[in-house]
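The values are calculated or read from the model by the stated rules, or taken from the named source; none is laboratory data. Owing to the predicted nature of the structure, the values given are computational and were not obtained by experimental measurement. Note that each Cβ is placed from the backbone with ideal geometry, even for glycine, and that neighbours are counted across all protein chains shown.
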């Protein structure tokens, strides 16, 4: 029996190299776990039928001495990332049978390493949501309490790792879609610097905010995956050259900024506040310095986000019209084909954001909404720049509370949006942030994970890994 | 305040068919969101519109064929809802 619960990439890699087990045996262990738990959890929309064949190829590579760190490592992929020849639906009806025609850049990089793709994971439709309840194929359940959401939009990705149905996962993050589910499921999740990872082959939601990023049980796993998928790409003109933080981080003492004004926004669960204070104490006891900082414009983040995202959504979703690919519902003429296909194929939240985006971009309102949002976005970015002159990282809780119950917030979009208060400003500024597990809140006999978010300046991922490892006691 | 006819106009622009019920629920949901984001106007009027959003730079590539002709035809046609002789089939426009 392989101990999946405590397995990491390095441990699995060493075991594979030593021949303690094969990649086929490792993949089999995960497939058995999926059989056991995914009926309840519903992390996967599809478990690939060729998992063992992929593992066999990895085993051959290992035998021939050509293996890398990720060879034979089972990984789940969010349903909005393209793998050539496989279905990628973004959990939408309109792409139910859409087969990807090329590999995303991140997939190309993982294929070079001969990872084992276990399956595609559930999500909010086109990544719009924070609970995975907006999937056209039913919600994913939180492995810690199946009455609760796993978070979203990468809820399936988080649930797959938290329930040991994959060793690591790839998700995407536009306003918190990696960090919030990581927090709800007790995992480490990274939203890289905007442009650090190529978006070529991930379905666009908010193009100026989207980033692909990794989930894992440890900071090290997330770091290994990030280092594999990052890098400038000619297929994504917004990617940036790889700028590694310089310097030695071993035993370094960091300056950690706490934005007190922003944390007093209200609506924060008492358990989260208490846990946050305890984390600050722990950081102090580790020798790091806690510094008060001000981020005065961050309170406008959600207002900015809910102009910019619908605007970009309404543009990006225009391609789903039932013409060249995806579901087509036939009407009396070509125009009616559009109307009917989009009605039948797109879910409620997607349509709501398209309507909202169409409004804020329409003649006469563009200046009142979209331009204003971009100006305030710049103010938020400057707030971070100023803060990072004084501190190495900024710390906040990842979410205002632990995982909520399925159905609890789905009736009220504004309330659901408030879930993202700590994560959204990070995407607006394009800086990197990581969520790491920080404890639990016990509710009705169930232990619900809590998370802490660490934010660094552009290309500061190495700093995030170093502080996270110090806090979690990882070597 | 938006009215039903505004929602209808937006739905038409966005090429989405909506039922009467959906129009009404969208009206109820979209209005509070617009009310919420309206705070941006006050923020901007307090700092002035001198700020320029975003950093602009040109990204160009060689003006050449990125793919060999017809190298992706088969997979692309396979994803089409309707096709004929390697062409996308749509309804008559004129």
Practice problem: Mind listing just one residue for me: the one in the range B:1-22 that is in a helix (DSSP H, G or I) and surrounded by fewer than 16 Cβ atoms within 10 Å (Cβ to Cβ) and, of those, nearest to the other protein chains (Cβ to nearest Cβ)? | Solution: B:13
Exercise. Would you check if there is a residue in the range A:360-376 being more than 8 Å from chain B (Cβ to nearest Cβ), buried (at least 19 other Cβ atoms within 10 Å of the Cβ), within 15 Å of residue A:320 (Cα to Cα) and under 28 Å from the mean Cα position of the chain (by Cα)?
Key: no
Exercise. Scan the range A:120-159 residue by residue and report those that are surrounded by fewer than 24 Cβ atoms within 10 Å (Cβ to Cβ) and outside any loop (DSSP other than H, G, I, E, B).
Key: A:145, A:148
Practice problem: Among the residues of the range B:29-42, write down those that are facing chain A (nearest Cβ under 10 Å) and either more than 14 Å from residue A:358 (Cβ to Cβ) or not in a helix (DSSP H, G or I) (or both). | Solution: B:29, B:32, B:35, B:36, B:37, B:38, B:39, B:40, B:41, B:42
Practice problem: Considering (1) farther than 29 Å from residue A:401 by Cα; (2) in contact with a helix residue (DSSP H, G or I) (Cβ under 6 Å, 6 or more places away or on another chain); (3) modelled with pLDDT of 95 or more, say which one residue A:370 fails and leave the rest. | Solution: (3)
Quiz item: Listed residues A:326, A:331; which is farther than 30 Å from residue B:34 by Cα, without any contact (Cβ under 8 Å) to a residue 12 or more places away in the chain, crowded, with 16+ Cβ neighbours inside 10 Å and in contact with a helix residue (DSSP H, G or I) (Cβ under 7 Å, 6 or more places away or on another chain)?
Solution: A:331
Quiz prompt | Lone qualifier among A:358, A:381, A:399 - being assigned to a helix (DSSP H, G or I) and within 29 Å of residue A:432 (Cα to Cα) | solution = A:381
Quiz item: Taking residue A:162, is it buried (at least 24 other Cβ atoms within 10 Å of the Cβ), in contact (Cβ under 8 Å) with a residue 60 or more places away in the chain, within 19 Å of the chain's Cα centre (by Cα) and away from chain B (no Cβ under 14 Å)?
Solution: no
Quiz item: Can we say residue A:357 is in contact (Cβ under 8 Å) with a residue 60 or more places away in the chain and buried (at least 17 other Cβ atoms within 10 Å of the Cβ)?
Solution: no
Quiz item: Which condition number in (1) part of a loop (DSSP other than H, G, I, E, B); (2) out of contact with any helix residue (DSSP H, G or I) (no Cβ under 6 Å at 6 or more places or on another chain); (3) within 20 Å of residue A:449 (Cα to Cα) is the one that residue A:199 fails?
Solution: (3)
Quiz item: Residues in the range B:55-74: is at least one facing another protein chain (nearest Cβ under 9 Å) and either under 26 Å from residue A:96 (Cβ atoms) or touching a residue at least 40 places away in the same chain (Cβ under 8 Å) (or both)?
Solution: yes
Practice problem: Kindly state which helices (runs of 4 or more DSSP H) lie completely within the range A:240-347 and contain at least 3 residues that are over 30 Å from residue A:372 (Cα atoms) and away from chain B (no Cβ under 14 Å). | Solution: A:270-285
Quiz item: in contact with a strand residue (DSSP E or B) (Cβ under 7 Å, 6 or more places away or on another chain), at pLDDT 95 or above and farther than 18 Å from residue A:113 by Cβ: does that describe residue A:43?
Solution: yes
Quiz prompt | Of all residues in the range A:70-88 being farther than 16 Å from residue A:170 by Cβ and within 12 Å of chain B (Cβ to nearest Cβ), the one that is nearest to the chain's Cα centre (by Cα) | solution = A:87
